[in-house]
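Peer 1: I'd like to ask some things about the structure below.
Every number in this text was worked out from the coordinates using simple rules, so none of it is lab data. Not measured: the values here are computed from a predicted model. As a convention, Cβ positions derive from the backbone with ideal geometry for all residues, glycine included, and neighbour counts pool all protein chains shown.
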Amino acid sequence: MANLPDSPSPLAPAAPPVSPAIQSPDRPVQTSLLRFELNGEAKTVAAPAHWTLLEILRYELRLTGTKQGCDKGDCGACTVQLDGKPVNSCLVLALDVQGRTVKTVEGLAVGGQPHPLQKSFDKRGAAQCGFCTPGMLMSAEALLRQKRARGDEGIETLEIAEALSGNLCRCTGYTKILSAVVDAWRDKP
Amino acid sequence: MSAPTTLSSPPFDVVGGDHAKLDAPDRLTGVAAFTDDITLPRMLHAKILRSPHAHARILSIDTTRAAALPGVVDVVVGSEMPLTYGVIPWTPDEQALATDKVRYVGDAVAAVAAIDEETANRALAFIDVHYEVLPALCDPREAMANTDVLIHEDNRHGNISKRVKLAFGEVDSALAAGDSEPGAHRIAGHYEFHGTTHAAIEPHCALAHFDTTGLLTVWSATQVPHYLHRELARVLELPTYRIRVIQPAVGGAFGGKSEPFDLEFVAARLAIKTGRPVKCLYTREEVFLAHRGRHPFSMDYETSVDADGRILAVSGETVLDGGAYSSFGLVTTYYSGQLLCSPYSFGAYRFHSTRVYTNKPACGPKRGHGSVQPRFAIEVQLDKAAHLLDMDPIALRRRNLLGANSTTINGFHIGSNGFAACLDAVEASSDWQTRRAKLPRGRGLGVAGSTYISGTNYCIYPTDLPQAAVQICLDRSGRVRLFTGASDIGQGSNTTLAVIAAEHLGVELADVRVIAADTDLCPVDLGAYSSRQTLMAGNAAIMAAQELGKKVRKAVADHWQCSPKVVTLAGRRAQRLDDPAVFIPIQDAFVLAETAFGTLGSVGHYNTPRSGVHGDYRGGTIGASPAYSFSAHVADVEVDVETGDVTVHHIWAAHDCGRALSPVLVEGQIEGSVYMGVAEALMEHHHVMPTGLGLEGEKEPGPWVSGLLAGSSLLDYPIPTTLDTPEISALIIEDPDPRGPFGAKEAGEGPLHPAIPAVVNAIYDAVGIRIDCLPVTPEKVLAALDALAAQKGSDDA
Amino acid sequence: MLRIRPIAHERPSSVTAATDALQKLGEHGRVLGGGTDLLPNLKLGTDKGRALVSLAALPGLVGIAEDAERAGTVRIGAMTTLDVIANDPIVQRLLPSLAETVRRIASPQIRNQATIAGNLCLDTRCRYINQSDLFREALGGCLKSHGDACHVVVGSQNCVAALSCDTAPVLIALGARVHVVGGDDGGRTLAVADLYCTDGLAHTTLTQGELITAVEIPALPPTHWVTYRKWSRRKAIDFPLVSVALRLDTCRERDHLKGGMLVIGALGPKPRIVDLKKFKGRDIDAALAAEIGRVAEIRAKTLPNLPYDPAYRRRRAGVEAKRAVLAFMANR
């Protein structure tokens, strides 16, 4: 078991610590080797125990396609797929990804070609500023994959809206995003 | 007017085509670099310490303990950057970091640069600030009356930030006619528009680097690189030529990134001090505190209409809750009255607007700056008039059309005017006549109209310099490079400019590379605010492209030994108009031109027309624009009379953008505007309680803490999800304006305005209640329904 | 961005190791299930936990099964995610009310990560607590956040933060129990109704080192019917601002009432259970629906703890309860 960190309340700072453990934090940083599959490749990184998957992706692995918008699971901009399912990477502790599979927007292209969703989002003008888009794509891809696995024939706007209801977009009013997902569904690979 | 304008007729080659955004593929693959995606070697991270008091005097700041922390590289306080600044040069009342006083919970007082963000975060707790807490003024009317507590002690007008009083025509007699004339009506209403914020999904971020040559480079998520450039120079006391501002990809702005913020100064100052790159990224809470969102307006309107529904007079008295600083407030105060005089003809008009300082996050420009609030009031006033007159509300609006090539009562010249076509379009698309007749109780339709500016006629600072500029280079590669200071914040200005260049130079859209918003590489443009980019940068692009096009046609004509007049550039070809079988690839044409004229480049600029566009009175220029857009919306709304829930099923939104250079982008602007408007009408509230932390609808908030923002997260500030957004039908109306590039006018802000009053008017149509105080929350709906029932009960008795 | 402060993390591979670790860590330890509630609280600093015991590697905590001996009884492993529960054929067949409840929690991303036990153990929420450091500092703190005053009930020494989880009301209405291991007893089962107490600072009755391993929901007789309704500002992402679960125990013809309960959520630290026995024998009709609605409104003593007008939330509870009865009538 790691040493129990000790610290005063952040709101009532006491005197500065005398001998920081690593760099400068007030509590010792526990770092572990994290092995997982990222966009089809095996990765091993040293992950601080208090880091989220989002921090590992953006600030350690420099995969900045995954965005940070709200800090705490309210906006969906950081959506990635964990074992094939969309999750907010800001709410996943990095060490809990041990041995699991992660897919980010950088891994969406198929065989060097844009994913049908990337094509339909482009054509429809579904990305304006594009900041929510990577997360939106990861949610949409999971929906389409799940539907194909189920053998669904048609697609309903409501089911798309439900699948994307955790991804906030401030530019588009969602109209073109919903249309783009329908287009991608119809343009089956 | 110095820039030539083109009002060419279709068919066009590129203009109006079904094309996507140039930069979309990068944004769809995670390649586009937003500011926080950029990392430099040895980069430090800065965090800013913020005031926990709404109003306090700073007695001392001691950074010793923080500076001594391992990992902390440097600390900065306000006395190092004491000069005041403001985006409006007449009202410089902000400091990068406060030196003497803090004026809202969240005001910046000091900052730390450390080896990582976590260390910087933690170090803030080790900065010791002693405050003398002062009484906080959070209610604008209270602040206006208070002469003892002054938020800006050097302000000559107490806590009044700006007052504007303008009158046009015989207002009192025209208003009185509403009482005296047979069949006429005089309608008085009190309206409250609440504060809302932009909530772009990308938080503000700045990165600064001071290199060994003495050049300061600042990358920032800004929509006004030029104004940031100016203010950095002022506050850091550096000449502008030693500063380079680069705007990377921006993740939405909506007005929320249209002036400098503390983080840019802090990152720059710390980069200069440490000699290392410094990044500062806001938390979501800091975005809410930086704010500059829609001002809360408290409005009293009087409107008189004659028996036929003609508007005899409008009079408005408005108090604007400005928050702690001026921001764009001077302009907001003018806009609150000046932008109301179209699309309807007023017999007489006056407004009296007062912006007041309060101890809250500063308000500023949000999509539809200053005019969304009065638009709500006037469109509800007109709806009330229509019901009193027993007139169809669309018919009443038609009766008051201002028309094209007209002058508003406040002296603004209107060029093209597609408002009547907008009304026709929403009436037809919504099936207004038959649908309205058939709706059950609880379901209603509402209509509203509006107008907006395609950029303001004058720069924020007094100058005759160009307001927009574009440089274009061609070469033997067949490629067009377009350099512009214009700011693409997701709205697509880069694509729009490429469309214009491609149309003129005969290339395809993909052949145009746009290099934008880098003050070292690009000519000056004032930035993305007031819906100015398409018209202003577009006209500059036309000027530049025409010059180059002329050279290419001349070189090709010489080659073919014909007149340049019969050479056309289109579809990646130079072609003879009189003999279409004769053509060469555009690349060959560029080679001919480069051979004939040497290296090919041109510049174009745009300045607004200075005569015949506005009235000749003090303030008459503010709000005047080269061209005006028009919008009309119909909303289909359902009210649940037991819960008070309002569901907006559908909005039909028609918008006259002059010419849709990129229809997909214009539709996107209309849809996004409608979404944002509906959200403001029903849910969003940037809610700072005057006394205590009150709740939505709560009558007696707790008495003990003032100036706290009730919700500073995207959980507590609810922006609609896919499931909360109505169906939106975007209807493009094209009434080309001679002043717009290919006739184009704005599309980014105008279509927000009518959504709010259309929804509120539809609620009346559904259940007979007027909600004049926004947002329309379920408890307000129930209270109004209860009052209506009580009224009916007493009427029956 | 908001960061979690350095924290210890361990990943035991057996339930015993997990409960031992929790026991040892005492007040500093936190159970990390899905983390969707814990991580925001750690980031905001409202949760002062300093060591995480991740359940990710524990065997046997995931899955849904119908009891082989007691037909209709369903057992859901503690670490089963909400998304899995919502889409599970057994849950959809035997517990449609639970499936529907879970399907409407938060967002798809959160449902893919959040667990059933985590939802039951959701920390209490209050508009004075679920805020930034700056906000709480400006406020001067409160009982749950480095202070000694309650701002909701001024003068109170009892924290009244609200239990905002969606599953507790419906699971109480369904008569569900939780299996718990660890602690002094080594293991026990208790009714979900007994899982909560009125202290917003420590709102579950779990003791140090105790861990929920499963939720067990007994078979619902065909004459019984359960539904859950909630109100939040948006149709996704939000926590409920008020919620109502309703159980109607009817006669075989399903036209009059033999008993039942209302469970009202998002009030204080504990769901409010209202026995409907006083309506025993009544016809299930619009009049009864209206009366049950009135009872719900009276008993939904909303406090100004959640970020919305308490008077409206209370009125809304009544409407939702009434509509729950009407929904039964429409479906019977």
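Peer 1: What nm value, rounded to one decimal, do you get for the distance between B:D179 and B:R242 when each label is placed 7 Å out toward the C-beta?
Peer 2: Simple spin-label model gives 6.6 nm for this pair.
Peer 1: Right, next: Which of the three applies to chain B, rounded, prolate or oblate, going by the alpha-carbon gyration tensor with a ≥ b ≥ c and a/c under 1.5 meaning rounded?
Peer 2: Oblate shape, in that a/c is at least 1.5 and b/c is the bigger or equal ratio.
Peer 1: When chain C is treated as a GNM, springs tying every alpha-carbon pair under 10 Å, which of C:K230, C:K301, C:K278 comes out with the largest mean-square fluctuation?
Peer 2: The residue with the greatest mean-square fluctuation here is C:K278.
Peer 1: Can you pull out the trypsin sites (Lys or Arg not before Pro) in the range B:541-643 whose DSSP state is coil and whose Cβ has at most 16 other Cβ atoms within 10 Å?
Peer 2: B:R610, B:R618
Peer 1: What number do you get for the range A:116-186 when its Cα radius of gyration is normalised by 2.2 N^0.38 Å, N = residues?
Peer 2: Dividing the Cα radius of gyration by 2.2 N^0.38 Å gives 0.99.
Peer 1: Once the other residues with Cβ under 11 Å from the Cβ of B:G748 are scored (Lys, Arg +1; Asp, Glu -1), what is the net sum?
Peer 2: +1
Peer 1: OK, next. Excluding residues fewer than 8 places away in the same chain, name every one of the lysines whose C-alpha is closer than 23 Å to that of B:K550.
Peer 2: Excluding near neighbours in sequence, the set is B:K565.
Peer 1: Connecting C-alpha atoms closer than 10 Å in a GNM of chain C, tell me which of C:N305, C:N119, C:N130 has the biggest fluctuation.
Peer 2: Per the Cα network of chain C with a 10 Å cutoff, C:N130 tops the list.
Peer 1: Given the range A:31-107, what percent of its DSSP beta bridges are antiparallel, to the nearest 5?
Peer 2: 90 percent
Peer 1: By count of other Cβ within 10 Å, fewest leading, how are B:D139, A:D74 ordered?
Peer 2: The most exposed by this proxy come first: B:D139, A:D74.
Peer 1: Rounded to two decimals, what is the ratio between the C-alpha radius of gyration of the range A:31-107 and 2.2 N^0.38 Å?
Peer 2: Output field value: 0.95.
Peer 1: Charges at C-beta only: +1 for Lys and Arg, -1 for Asp and Glu. How large is the resulting dipole of the range A:31-107 about its Cα centre, in Debye rounded to 20?
Peer 2: Taking the Cα centre of the range A:31-107 as origin, the dipole is about 60 debye.
Peer 1: Once you place label points 7 Å from the Cα toward the Cβ at C:T207 and A:A149, how far apart are they in nm?
Peer 2: Here the answer is 4.2 nm between the modelled labels.
Peer 1: Relative to the longest principal axis of chain A, what angle (0 to 90°, nearest 10) does the C-alpha long axis of helix A:175-186 take?
Peer 2: The angle comes out at about 70 degrees.
Peer 1: To continue, here is another question. Within chain C, how many Lys pairs sit with Cα atoms under 23 Å apart, leaving out pairs fewer than 8 places apart on the same chain?
Peer 2: So the count works out to 23.
Peer 1: Put one equal scatterer on each alpha carbon of chain A, apply the Debye formula with no solvent term, and list log10 I(q)/I(0) at q = 0.09, 0.17, 0.18 1/Å to two decimals.
Peer 2: Debye intensities relative to I(0), on a log10 scale: -0.40, -1.07, -1.16.
Peer 1: About the Cα centre, and with charges only on the beta carbon of Lys, Arg (+1) and Asp, Glu (-1), how big is the dipole of the protein assembly as shown? Nearest 20 debye, please.
Peer 2: 1320 debye
Peer 1: Can I ask one more? For chain C, return all DSSP H helices satisfying: extent of Cα atoms along own axis at least 30 Å; mean Kyte-Doolittle hydropathy at least -1.0.
Peer 2: Length and hydropathy pass: C:310-331.
Peer 1: To the nearest 20 debye, what is the magnitude of the charge dipole of the range C:200-332 about its Cα centre, counting +1 on the Cβ of each Lys and Arg and -1 on the Cβ of each Asp and Glu?
Peer 2: Once rounded to the nearest 20, the dipole reads 400 debye.
Peer 1: Quick check on the protein assembly as shown: helices-only [θ] at 222 nm, where DSSP H runs of length 4 and up contribute -39,500 (n - 2.57) each and the sum goes over total residues. Nearest 500, please.
Peer 2: -8000 deg cm²/dmol
Peer 1: What is the sum of charges around B:A787, taking Lys and Arg as +1, Asp and Glu as -1, for the other residues whose C-beta is under 12 Å from the C-beta of B:A787?
Peer 2: +2
Peer 1: I would also like to ask the following. By DSSP, what percent of the beta bridges with both residues in chain B are antiparallel, rounded to the nearest 5?
Peer 2: The antiparallel proportion sits near 75 percent.
Peer 1: Counting other Cβ atoms within 10 Å, which GluC sites (Glu not before Pro) in the range B:154-250 have at most 10 and lie in a DSSP loop?
Peer 2: Passing sites in the range B:154-250 are B:E237.
Peer 1: Let me ask something additional. When B:V426, B:V582, A:V182 are ordered from fewest to most other Cβ atoms inside 10 Å of their Cβ, what list results?
Peer 2: Ascending number of Cβ neighbours within 10 Å: B:V582, A:V182, B:V426.
Peer 1: Residue farthest toward the positive end of the dipole of the protein assembly as shown, with Cβ of Lys/Arg at +1 and Asp/Glu at -1: which of C:A327, B:L526, C:G209?
Peer 2: C:G209
Peer 1: Along the charge dipole of chain B, which of B:A789, B:L497, B:A176 sits closest to the positive end, that is, farthest toward it, with unit charges on the beta carbon of Lys, Arg, Asp and Glu (+1, +1, -1, -1)?
Peer 2: Looking along the dipole axis, the top candidate is B:L497.
Peer 1: Right, next: Efficiency by 1/(1 + (r/R0)^6): what FRET value for C:K235 and B:L150, r their Cβ-Cβ distance, R0 = 51 Å, to the nearest 0.05?
Peer 2: About 0.65, to the nearest 0.05.
Peer 1: Could you tell me which GluC sites (Glu not before Pro) in the range C:30-121 are loop residues by DSSP with no more than 10 other beta carbons within 10 angstrom of their beta carbon?
Peer 2: Within the range C:30-121, the qualifying GluC sites (Glu not before Pro) (loop, at most 10 other Cβ atoms within 10 Å) are C:E69.
Peer 1: Within the range B:653-675, what residues put their amide N at less than 14 Å from the label point 7 Å along the Cα-to-Cβ vector of B:D18?
Peer 2: B:663-665
Peer 1: Over all alpha-carbon pairs of the range B:396-514, lay out the pair-distance distribution in 10 Å bins, whole %, shortest bin first.
Peer 2: 10, 24, 23, 24, 14, 5, 0
Peer 1: Checking the table A:K85/B:K21; B:K366/B:K745; B:K384/B:K792; B:K273/B:K360 against a 27 Å threshold on Cα-Cα, which pairs fail?
Peer 2: A:K85/B:K21; B:K273/B:K360
Peer 1: Grab the other residues whose beta carbon is less than 9 angstrom from that of B:A206, score K and R as +1, D and E as -1, and report the net.
Peer 2: Result for the local shell: 0.
Peer 1: Stick to Cα atoms and the Kirkwood definition of Rh, then tell me Rg/Rh for the protein assembly as shown.
Peer 2: Radius of gyration relative to Kirkwood radius: 0.97.
Peer 1: Which one, C:I237, C:I64, C:I273, has the greatest fluctuation when you compute a Gaussian network model over chain C with C-alpha springs under 10 angstrom?
Peer 2: In the Gaussian network model the winner is C:I237.
Peer 1: Which is farthest toward the positive dipole end of the protein assembly as shown among B:P757, B:N146, B:V512, measuring Cα position about the Cα centre, with Cβ charges +1 (Lys, Arg) and -1 (Asp, Glu)?
Peer 2: B:V512
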